[in-house]
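Take a look at the structure below.
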Amino acid sequence: MKFSKLTIGIIGGTGLDQDSTILTNIKMVKAPETPYGQPSDSELVYGQIDNVDVYILGRHGRQHDISPSNVNYRANLWTLKQLGCTHVLATSACGSLKESIAPGHLGIMDQYIDRTNVRGGRSFYKVAHIPQPRPFDPTVQDILYKSANEAGYICHRALTAVCIEGPRFSTLAESRLYQSWGADLVNMTMVPEVQLANELGLIYATLALITDYDCWHSDELSVSVDLVTKTLRELSTKAKDVLVRSIKHMKQIDWTKHLENKAIIARNSIMVE
Ligand code: ADE
């Protein structure tokens, strides 16, 4: 039997935020109460893409005034789950640690290295140990990659990103250290978003928007807010196109078994609620 209620939550990172231009039948929906406080916005944009229900939540709030360490990741994920989301597609502005992954390109996350150190709210439970060998859903990774290729965008797959605490960018020594680890990207918002999504049994994947070469590249400008903002203008158009194409592909799949498996893994990871 085909899974009938595919519902997508889009967590829009910097550059995409709460952009609703890809949706039809748009309305604003009040965010339900959560046990974890307020999500990044008190209202989400609801709409449809090819008849699939979609909710968009800007990670950094409507005024873009919530910095990465202060995002209420638990409230965001809880809200999307409460609204019936089965899948979360996140976008994230990232710096590149490799020459071949250039600003303006897209990327698909497969792994992360957690270098955050002050953010709380990392679990919904008193004691839970969510497995993370493949934190980003492999099936959705394939769909995002296929969609980016279809559209003719340069897109890199199977990427590993280092998530730093921020709000500052990395030092040259840190950037080189992350390169020596073999990481591809650096960003500030993946953790704990991805692990919380997994705790809720949500199918989660991240589309990386490559905005800069961090600070290691001798011929290119070092990362700055100005550089990130400029590159994101072009990238957000690409990202929206990829998301729309991906949701159309996702609609063709029966996710029932997949969601059941995610729910079992999530349930089995809880030791004390
Ligand atoms: N987001 C965009 N570029 C970044 C960088 N170089 N480091 C951390 N986060 C980023």
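Other residues lying with their Cβ under 13 Å from the Cβ of Tyr153 contribute a combined charge of +2, Lys and Arg counting +1, Asp and Glu -1.
Placing a pseudo-label 7 Å from each Cα along the Cα-to-Cβ vector at Gln38 and Arg176 gives an inter-label distance of 4.4 nm.
Beta bridges per DSSP, both residues in region 7-272: antiparallel share near 35 percent. Using a Gaussian network model of the chain in which every pair of alpha carbons under 10 angstrom is joined by a spring, one finds that among Leu243, Leu200, Leu177 the greatest mean-square fluctuation is at Leu177.
Within region 182-273, none of the chymotrypsin sites (Phe, Trp or Tyr not before Pro) combine a DSSP coil assignment with at most 15 other C-beta atoms in a 10 angstrom radius.
By the count of neighbouring beta-carbon atoms within 10 Å, fewest first, Lys5, Lys98, Lys238 end up ordered Lys5, Lys98, Lys238. Against the chain, whose longest principal axis comes from its Cα atoms, helix 225-250 is set at around 40 degrees.
Relative contact order of region 86-207, taken over Cα pairs closer than 8 Å and 6 or more residues apart, is 47 percent.
Each other residue within a Cβ distance under 11 Å of Gln195 adds +1 if Lys or Arg and -1 if Asp or Glu, for a net charge of -1.
Derived scalar couplings between HN and Hα for region 115-122 equal 10, 7, 9, 10, 7, x, x, 8 Hz in order, rounded to whole Hz, by the Karplus curve 6.51 cos²θ - 1.76 cosθ + 1.60 (θ = phi - 60°), x for Gly and Pro. In this label model, Ile66 and Asp50 are separated by 2.9 nm, measuring between points 7 Å along each Cα→Cβ vector. Amide H to amide H, with H built 1.01 Å from N, Gly58 comes under 5 Å of Gly12, counting only residues 5 or more places away or on other chains. Couplings 3J(HN,Hα) for region 98-113, derived from phi with the Karplus relation 6.51 cos²θ - 1.76 cosθ + 1.60 (θ = phi - 60°), are 10, 3, 5, 9, 9, x, x, 7, 10, x, 10, 6, 10, 9, 9, 10 Hz, where x marks Gly and Pro.
Amide hydrogen proximity for Ile154: with H placed 1.01 Å from N in the peptide plane, the residues at 5 or more positions away or on another chain lying under 5 Å are Leu106. Can you tally the net charge around Lys98? Count Lys and Arg as +1, Asp and Glu as -1, for every other residue whose Cβ sits under 12 Å from the Cβ of Lys98. Every neighbour counted, the sum reads -3. State the Cα centre-to-centre distance between region 196-223 and region 151-169 in whole Å. Going from one Cα centre to the other spans 2 Å. Working note: Karplus 6.51/-1.76/1.60 with θ = phi - 60° gives region 74-82 the couplings 5, 5, 4, 5, 4, 4, 5, 4, 4 Hz, where Gly and Pro are set to x. Mean separation of Cα pairs under 8 Å and 6 or more residues apart, divided by the residue count, gives region 7-272 a relative contact order of 25 percent. The smallest convex shape that holds all Cα atoms of the chain, its convex hull, gives 119 Å³ per residue. Once the chain from Glu234 to Ile270 is taken as fully extended at 0.36 nm per residue, the excess over their C-alpha distance is 8.8 nm.
Any read-out appearing in this document is the output of simple, stated calculations on the displayed coordinates, not a laboratory observation. Quantities reported herein were computed from a predicted structural model and do not represent experimental measurements. Counting neighbours? That spans all protein chains shown, and the Cβs are built from the backbone with ideal geometry, glycine included.
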